[in-house]
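Input: a single structure, listed below in C-alpha coordinates.
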Amino acid sequence: MLDGNAHSAVALDRVLLDHRVLDHGVADAALPGLLATRKTLPPKLFYDAEGCRLFGEITRLPEYYPTRTELALLRDIAVEAVSGLSTGSALVEYGASDETKARLLLDAGGLFTAYVPIDVAEGALDALTKRLHRSQPALRVHPVVADFLAPFALPGAVRGQPLTGFFPGSTIGNLDPDSAHRFLVTARRVLGEDSRFLVGVDLQKDPALLIPAYDDAQGVTAAFNLNLLRRLNREAAADFDLGGFAHRADWNADAGRIEMHLVSRRAQTVHVAGHRIRFAAGETIHTENSYKHTLTGFQDFARAAGWHPVQSWTDPARLFSVHLLAAGSLSVVK
(Lines give C-alpha, C1' and ligand atoms only; values in the text may rest on other atoms or scores of the structure.)
Protein backbone atom coordinates (compact mmCIF):
# COMPACT_ATOMS: atom_id res chain seq x y z
CA MET A 1 0.00 0.00 0.00
CA LEU A 2 1.02 3.65 -0.30
CA ASP A 3 3.24 5.07 2.43
CA GLY A 4 2.84 8.46 4.10
CA ASN A 5 5.46 10.11 1.89
CA ALA A 6 3.47 9.35 -1.25
CA HIS A 7 0.33 10.83 0.29
CA SER A 8 2.11 13.97 1.46
CA ALA A 9 3.90 14.64 -1.85
CA VAL A 10 0.95 16.61 -3.21
CA ALA A 11 -2.10 17.94 -1.39
CA LEU A 12 -5.05 16.07 -2.86
CA ASP A 13 -8.76 16.00 -2.13
CA ARG A 14 -10.41 12.67 -1.55
CA VAL A 15 -13.35 11.77 -3.77
CA LEU A 16 -15.84 8.99 -3.23
CA LEU A 17 -15.23 5.91 -5.31
CA ASP A 18 -18.17 4.99 -7.49
CA HIS A 19 -19.07 1.62 -8.99
CA ARG A 20 -15.82 1.37 -11.00
CA VAL A 21 -13.56 -1.60 -10.37
CA LEU A 22 -10.58 -0.96 -8.09
CA ASP A 23 -7.63 -3.34 -8.32
CA HIS A 24 -5.46 -2.32 -5.37
CA GLY A 25 -2.32 -3.81 -6.95
CA VAL A 26 -2.70 -1.67 -10.07
CA ALA A 27 -3.69 1.41 -8.10
CA ASP A 28 -0.77 1.04 -5.69
CA ALA A 29 1.63 0.67 -8.61
CA ALA A 30 0.27 3.77 -10.33
CA LEU A 31 -0.41 6.27 -7.56
CA PRO A 32 3.09 7.02 -6.18
CA GLY A 33 4.24 8.29 -9.58
CA LEU A 34 1.00 10.14 -10.33
CA LEU A 35 1.20 11.87 -6.94
CA ALA A 36 4.81 12.97 -7.51
CA THR A 37 5.77 16.46 -8.62
CA ARG A 38 7.00 15.00 -11.92
CA LYS A 39 4.34 12.47 -12.80
CA THR A 40 5.34 8.95 -13.88
CA LEU A 41 3.79 5.51 -14.43
CA PRO A 42 5.71 2.22 -14.15
CA PRO A 43 6.25 0.41 -17.48
CA LYS A 44 5.07 -2.90 -16.01
CA LEU A 45 1.51 -1.55 -16.27
CA PHE A 46 1.80 -1.56 -20.08
CA TYR A 47 1.31 -5.30 -20.27
CA ASP A 48 -2.33 -6.14 -19.85
CA ALA A 49 -3.81 -8.27 -22.65
CA GLU A 50 -4.28 -5.30 -24.98
CA GLY A 51 -0.83 -3.94 -24.16
CA CYS A 52 0.75 -7.28 -25.07
CA ARG A 53 -1.19 -7.33 -28.33
CA LEU A 54 -0.14 -3.79 -29.22
CA PHE A 55 3.49 -4.46 -28.35
CA GLY A 56 3.38 -7.45 -30.70
CA GLU A 57 2.24 -5.06 -33.43
CA ILE A 58 5.05 -2.65 -32.58
CA THR A 59 7.68 -5.35 -33.05
CA ARG A 60 6.47 -5.82 -36.65
CA LEU A 61 6.50 -2.13 -37.61
CA PRO A 62 8.99 -1.02 -40.28
CA GLU A 63 10.34 1.70 -37.98
CA TYR A 64 10.96 -0.69 -35.07
CA TYR A 65 14.37 -2.16 -35.90
CA PRO A 66 15.26 -3.81 -32.53
CA THR A 67 13.15 -6.98 -32.81
CA ARG A 68 13.99 -7.98 -36.37
CA THR A 69 17.65 -7.04 -35.89
CA GLU A 70 17.99 -9.06 -32.69
CA LEU A 71 16.16 -12.05 -34.21
CA ALA A 72 18.50 -12.09 -37.21
CA LEU A 73 21.50 -11.80 -34.92
CA LEU A 74 20.28 -14.61 -32.66
CA ARG A 75 19.73 -16.88 -35.67
CA ASP A 76 23.36 -16.31 -36.65
CA ILE A 77 24.90 -16.80 -33.21
CA ALA A 78 22.58 -19.26 -31.40
CA VAL A 79 24.79 -22.33 -31.79
CA GLU A 80 27.90 -20.41 -30.78
CA ALA A 81 26.12 -18.73 -27.87
CA VAL A 82 25.14 -22.05 -26.26
CA SER A 83 28.36 -23.89 -27.08
CA GLY A 84 30.02 -25.30 -23.99
CA LEU A 85 26.75 -25.77 -22.10
CA SER A 86 25.99 -29.11 -20.51
CA THR A 87 23.18 -31.26 -21.85
CA GLY A 88 20.29 -30.95 -19.45
CA SER A 89 20.60 -27.19 -18.97
CA ALA A 90 17.65 -24.92 -18.22
CA LEU A 91 16.95 -21.62 -20.00
CA VAL A 92 15.54 -18.88 -17.74
CA GLU A 93 14.00 -16.01 -19.71
CA TYR A 94 13.23 -12.70 -18.03
CA GLY A 95 10.25 -10.85 -19.49
CA ALA A 96 9.05 -13.79 -21.56
CA SER A 97 5.63 -13.06 -23.00
CA ASP A 98 6.55 -14.75 -26.31
CA GLU A 99 8.86 -17.70 -26.98
CA THR A 100 10.06 -16.70 -30.47
CA LYS A 101 13.57 -15.64 -29.46
CA ALA A 102 13.97 -18.33 -26.82
CA ARG A 103 13.20 -21.03 -29.40
CA LEU A 104 16.30 -20.06 -31.36
CA LEU A 105 18.34 -21.06 -28.31
CA LEU A 106 16.18 -24.02 -27.32
CA ASP A 107 16.61 -25.48 -30.82
CA ALA A 108 20.38 -24.87 -30.97
CA GLY A 109 21.87 -28.25 -30.20
CA GLY A 110 19.12 -29.60 -27.99
CA LEU A 111 21.06 -28.82 -24.79
CA PHE A 112 18.11 -27.36 -22.88
CA THR A 113 15.65 -29.74 -21.27
CA ALA A 114 13.76 -27.10 -19.27
CA TYR A 115 12.55 -23.56 -19.91
CA VAL A 116 11.50 -21.05 -17.24
CA PRO A 117 9.67 -18.03 -18.74
CA ILE A 118 9.16 -15.18 -16.23
CA ASP A 119 6.67 -12.37 -16.84
CA VAL A 120 3.92 -10.33 -15.19
CA ALA A 121 1.45 -11.16 -17.99
CA GLU A 122 -0.16 -14.39 -16.79
CA GLY A 123 -2.34 -14.78 -19.88
CA ALA A 124 0.62 -14.50 -22.23
CA LEU A 125 2.55 -17.06 -20.17
CA ASP A 126 -0.37 -19.48 -20.27
CA ALA A 127 -0.59 -19.19 -24.05
CA LEU A 128 3.19 -19.55 -24.43
CA THR A 129 3.20 -22.70 -22.26
CA LYS A 130 0.41 -24.31 -24.27
CA ARG A 131 2.18 -23.59 -27.56
CA LEU A 132 5.41 -25.14 -26.34
CA HIS A 133 3.65 -28.19 -24.93
CA ARG A 134 2.27 -28.79 -28.42
CA SER A 135 5.43 -28.00 -30.40
CA GLN A 136 8.07 -29.36 -27.99
CA PRO A 137 6.40 -31.95 -25.75
CA ALA A 138 9.74 -33.18 -24.36
CA LEU A 139 10.64 -29.73 -23.06
CA ARG A 140 9.68 -29.09 -19.43
CA VAL A 141 8.14 -25.62 -19.19
CA HIS A 142 7.87 -23.97 -15.76
CA PRO A 143 6.24 -20.54 -16.12
CA VAL A 144 6.70 -18.02 -13.30
CA VAL A 145 4.21 -15.16 -12.99
CA ALA A 146 6.31 -12.45 -11.34
CA ASP A 147 7.78 -8.99 -11.64
CA PHE A 148 11.41 -9.98 -12.20
CA LEU A 149 12.56 -6.76 -10.51
CA ALA A 150 11.01 -7.98 -7.24
CA PRO A 151 12.18 -11.02 -5.23
CA PHE A 152 11.02 -14.35 -6.63
CA ALA A 153 12.15 -17.98 -6.47
CA LEU A 154 12.96 -20.25 -9.37
CA PRO A 155 10.87 -23.42 -9.57
CA GLY A 156 12.28 -26.24 -7.49
CA ALA A 157 12.24 -28.49 -10.56
CA VAL A 158 15.22 -26.66 -12.12
CA ARG A 159 17.35 -26.28 -9.01
CA GLY A 160 20.59 -28.12 -9.47
CA GLN A 161 20.45 -27.85 -13.27
CA PRO A 162 22.99 -25.70 -15.15
CA LEU A 163 21.20 -22.39 -15.74
CA THR A 164 21.46 -19.87 -18.56
CA GLY A 165 19.62 -16.58 -18.14
CA PHE A 166 18.16 -14.85 -21.19
CA PHE A 167 17.11 -11.19 -21.27
CA PRO A 168 16.39 -10.20 -24.89
CA GLY A 169 14.75 -7.19 -26.48
CA SER A 170 17.01 -4.61 -24.86
CA THR A 171 14.55 -4.64 -21.97
CA ILE A 172 17.49 -3.83 -19.73
CA GLY A 173 17.44 -0.43 -21.43
CA ASN A 174 14.03 0.23 -19.85
CA LEU A 175 15.67 0.25 -16.42
CA ASP A 176 17.44 3.28 -15.02
CA PRO A 177 21.14 2.62 -14.32
CA ASP A 178 20.65 1.94 -10.60
CA SER A 179 17.75 -0.45 -11.25
CA ALA A 180 19.67 -2.18 -14.04
CA HIS A 181 22.65 -2.66 -11.73
CA ARG A 182 20.44 -4.12 -8.99
CA PHE A 183 18.76 -6.38 -11.54
CA LEU A 184 22.08 -7.78 -12.79
CA VAL A 185 23.30 -8.33 -9.23
CA THR A 186 20.07 -10.12 -8.30
CA ALA A 187 20.06 -12.20 -11.48
CA ARG A 188 23.58 -13.41 -10.70
CA ARG A 189 22.46 -14.48 -7.24
CA VAL A 190 19.29 -16.19 -8.53
CA LEU A 191 20.99 -17.98 -11.44
CA GLY A 192 23.97 -19.11 -9.37
CA GLU A 193 27.75 -19.19 -9.45
CA ASP A 194 28.15 -21.38 -12.55
CA SER A 195 25.51 -19.66 -14.67
CA ARG A 196 25.65 -17.74 -17.90
CA PHE A 197 23.51 -14.80 -18.98
CA LEU A 198 22.68 -13.76 -22.55
CA VAL A 199 21.52 -10.13 -22.72
CA GLY A 200 20.21 -8.13 -25.71
CA VAL A 201 21.35 -4.50 -25.67
CA ASP A 202 20.35 -1.73 -28.07
CA LEU A 203 23.24 0.47 -29.21
CA GLN A 204 23.56 4.23 -29.46
CA LYS A 205 22.77 5.64 -32.91
CA ASP A 206 21.40 8.63 -34.79
CA PRO A 207 18.22 9.99 -33.12
CA ALA A 208 16.72 10.22 -36.63
CA LEU A 209 16.58 6.42 -36.57
CA LEU A 210 15.76 6.08 -32.87
CA ILE A 211 12.78 8.39 -32.50
CA PRO A 212 10.58 6.85 -35.26
CA ALA A 213 11.04 3.46 -33.58
CA TYR A 214 9.14 4.92 -30.61
CA ASP A 215 6.76 7.20 -32.51
CA ASP A 216 5.69 5.29 -35.63
CA ALA A 217 3.69 6.72 -38.50
CA GLN A 218 0.75 4.34 -37.94
CA GLY A 219 0.32 5.44 -34.32
CA VAL A 220 0.66 1.95 -32.84
CA THR A 221 3.17 3.09 -30.21
CA ALA A 222 0.88 5.98 -29.33
CA ALA A 223 -2.00 3.51 -28.81
CA PHE A 224 0.30 1.33 -26.68
CA ASN A 225 1.22 4.31 -24.49
CA LEU A 226 -2.37 5.55 -24.17
CA ASN A 227 -3.52 2.04 -23.25
CA LEU A 228 -1.94 2.67 -19.84
CA LEU A 229 -4.69 5.21 -19.17
CA ARG A 230 -7.37 2.88 -20.48
CA ARG A 231 -6.11 0.21 -18.07
CA LEU A 232 -6.25 2.62 -15.13
CA ASN A 233 -9.80 3.56 -16.09
CA ARG A 234 -10.74 -0.12 -16.10
CA GLU A 235 -8.77 -1.37 -13.09
CA ALA A 236 -7.92 1.62 -10.84
CA ALA A 237 -11.25 3.48 -10.70
CA ALA A 238 -9.83 6.24 -12.89
CA ASP A 239 -11.57 8.60 -15.32
CA PHE A 240 -8.85 9.64 -17.78
CA ASP A 241 -10.12 11.20 -21.00
CA LEU A 242 -7.83 9.46 -23.52
CA GLY A 243 -8.47 12.27 -25.99
CA GLY A 244 -7.03 14.68 -23.46
CA PHE A 245 -3.53 13.16 -23.68
CA ALA A 246 -1.06 12.76 -26.54
CA HIS A 247 1.90 10.42 -27.00
CA ARG A 248 5.39 11.92 -27.30
CA ALA A 249 8.85 10.35 -27.75
CA ASP A 250 12.00 12.38 -27.04
CA TRP A 251 15.73 11.70 -27.28
CA ASN A 252 17.50 12.79 -24.07
CA ALA A 253 21.10 13.08 -25.23
CA ASP A 254 22.49 13.88 -21.77
CA ALA A 255 21.00 10.71 -20.27
CA GLY A 256 21.51 8.60 -23.42
CA ARG A 257 17.90 7.47 -23.57
CA ILE A 258 14.62 7.64 -25.44
CA GLU A 259 11.78 8.87 -23.22
CA MET A 260 8.08 8.21 -23.73
CA HIS A 261 5.56 10.64 -22.29
CA LEU A 262 1.83 11.20 -22.22
CA VAL A 263 1.21 14.93 -22.60
CA SER A 264 -1.86 16.64 -21.16
CA ARG A 265 -3.51 18.57 -23.99
CA ARG A 266 -5.20 20.98 -21.57
CA ALA A 267 -5.55 21.84 -17.90
CA GLN A 268 -7.66 19.05 -16.42
CA THR A 269 -8.44 17.05 -13.30
CA VAL A 270 -8.44 13.25 -13.22
CA HIS A 271 -9.56 10.89 -10.47
CA VAL A 272 -7.60 7.72 -9.73
CA ALA A 273 -8.55 5.34 -6.90
CA GLY A 274 -10.18 8.11 -4.89
CA HIS A 275 -7.51 10.77 -5.51
CA ARG A 276 -8.05 13.99 -7.44
CA ILE A 277 -4.99 14.64 -9.65
CA ARG A 278 -4.57 17.95 -11.47
CA PHE A 279 -2.73 18.39 -14.76
CA ALA A 280 -1.55 21.65 -16.28
CA ALA A 281 -1.69 22.06 -20.05
CA GLY A 282 1.49 20.52 -21.46
CA GLU A 283 2.31 18.60 -18.28
CA THR A 284 3.47 15.05 -18.92
CA ILE A 285 3.34 11.59 -17.41
CA HIS A 286 6.74 9.98 -18.02
CA THR A 287 5.91 6.36 -18.89
CA GLU A 288 9.10 4.71 -20.13
CA ASN A 289 12.83 5.10 -20.75
CA SER A 290 14.94 3.17 -23.22
CA TYR A 291 18.64 3.61 -22.52
CA LYS A 292 21.07 3.03 -25.37
CA HIS A 293 24.59 1.72 -24.74
CA THR A 294 27.99 1.28 -26.35
CA LEU A 295 29.60 -2.17 -26.49
CA THR A 296 32.38 -1.35 -24.04
CA GLY A 297 30.05 0.71 -21.88
CA PHE A 298 27.72 -2.24 -21.31
CA GLN A 299 30.63 -4.62 -20.69
CA ASP A 300 31.94 -2.29 -17.98
CA PHE A 301 28.42 -2.02 -16.56
CA ALA A 302 28.12 -5.83 -16.38
CA ARG A 303 31.51 -6.13 -14.66
CA ALA A 304 30.42 -3.65 -12.00
CA ALA A 305 27.49 -5.97 -11.22
CA GLY A 306 29.73 -9.02 -10.81
CA TRP A 307 29.40 -10.60 -14.26
CA HIS A 308 32.34 -11.50 -16.51
CA PRO A 309 31.84 -10.48 -20.18
CA VAL A 310 32.67 -13.50 -22.35
CA GLN A 311 31.68 -12.42 -25.85
CA SER A 312 29.65 -9.77 -27.66
CA TRP A 313 28.05 -9.89 -31.10
CA THR A 314 26.54 -7.15 -33.29
CA ASP A 315 24.67 -7.03 -36.58
CA PRO A 316 26.59 -5.66 -39.62
CA ALA A 317 25.09 -2.19 -39.20
CA ARG A 318 25.95 -2.19 -35.47
CA LEU A 319 22.39 -1.34 -34.50
CA PHE A 320 22.03 -3.98 -31.80
CA SER A 321 24.21 -6.22 -29.66
CA VAL A 322 23.98 -9.49 -27.73
CA HIS A 323 26.29 -10.08 -24.78
CA LEU A 324 27.25 -13.39 -23.19
CA LEU A 325 28.10 -12.97 -19.52
CA ALA A 326 29.34 -15.55 -17.03
CA ALA A 327 29.01 -15.67 -13.26
CA GLY A 328 32.37 -17.45 -13.25
CA SER A 329 35.38 -16.59 -15.35
CA LEU A 330 35.03 -18.46 -18.67
CA SER A 331 37.35 -16.47 -20.90
CA VAL A 332 38.30 -12.95 -21.89
CA VAL A 333 35.78 -10.93 -23.85
CA LYS A 334 35.98 -11.12 -27.64
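Residues of segment 177-199 being surrounded by 14 or more Cβ atoms within 10 Å (Cβ to Cβ) and among the small types (Gly, Ala, Ser), which ones?
Correct list: Ala180, Ala187, Gly192, Ser195.
In segment 83-98, how many residues are surrounded by fewer than 23 Cβ atoms within 10 Å (Cβ to Cβ) and either more than 19 Å from Leu54 (Cβ to Cβ) or over 24 Å from the mean Cα position of the chain (by Cα) (or both)?
Looking only at that region, the number is 7.
Give segment 274-319 a look and list any residue that's hydrophobic (A, V, I, L, M, F, W, C) and either assigned to a strand (DSSP E or B) or surrounded by 14 or more Cβ atoms within 10 Å (Cβ to Cβ) (or both), or say none.
Scanning segment 274-319 gives Ile277, Phe279, Ile285, Leu295, Phe298, Phe301, Ala302, Ala305, Trp307, Val310, Trp313, Leu319.
Among the candidates Ala29, Ala81, single out the residue that is aliphatic (A, V, I, L, M), in a helix (DSSP H, G or I) and within 24 Å of His323 (Cα to Cα).
So the residue among Ala29, Ala81 that is aliphatic (A, V, I, L, M), in a helix (DSSP H, G or I) and within 24 Å of His323 (Cα to Cα) is Ala81.
Listed residues Gly123, Gly109; which is modelled with pLDDT under 95 and closer than 27 Å to Ser312 by Cα?
That would be Gly109, the only listed residue that is modelled with pLDDT under 95 and closer than 27 Å to Ser312 by Cα.
Suppose we filter segment 257-273 for residues that are assigned to a strand (DSSP E or B), more than 28 Å from the chain's Cα centre (by Cα) and charged (D, E, K, R); how many remain?
Counting residues in segment 257-273 that are assigned to a strand (DSSP E or B), more than 28 Å from the chain's Cα centre (by Cα) and charged (D, E, K, R) gives 0.
Which residues, taken from segment 84-105, are over 15 Å from Ala127 (Cβ atoms), assigned to a helix (DSSP H, G or I) and not basic (Lys, Arg)?
Leu104, Leu105
May I ask you to list the residues in segment 49-75 that are within 21 Å of Leu106 (Cα to Cα) and surrounded by fewer than 14 Cβ atoms within 10 Å (Cβ to Cβ)?
Ala72, Arg75 - these are the residues of segment 49-75 that are within 21 Å of Leu106 (Cα to Cα) and surrounded by fewer than 14 Cβ atoms within 10 Å (Cβ to Cβ).
The values are calculated or read from the model by the stated rules, or taken from the named source; none is laboratory data. A quick note: this is a predicted structure, and the numbers were derived from the prediction, not measured. Note that each Cβ is placed from the backbone with ideal geometry, even for glycine, and that neighbours are counted across all protein chains shown.
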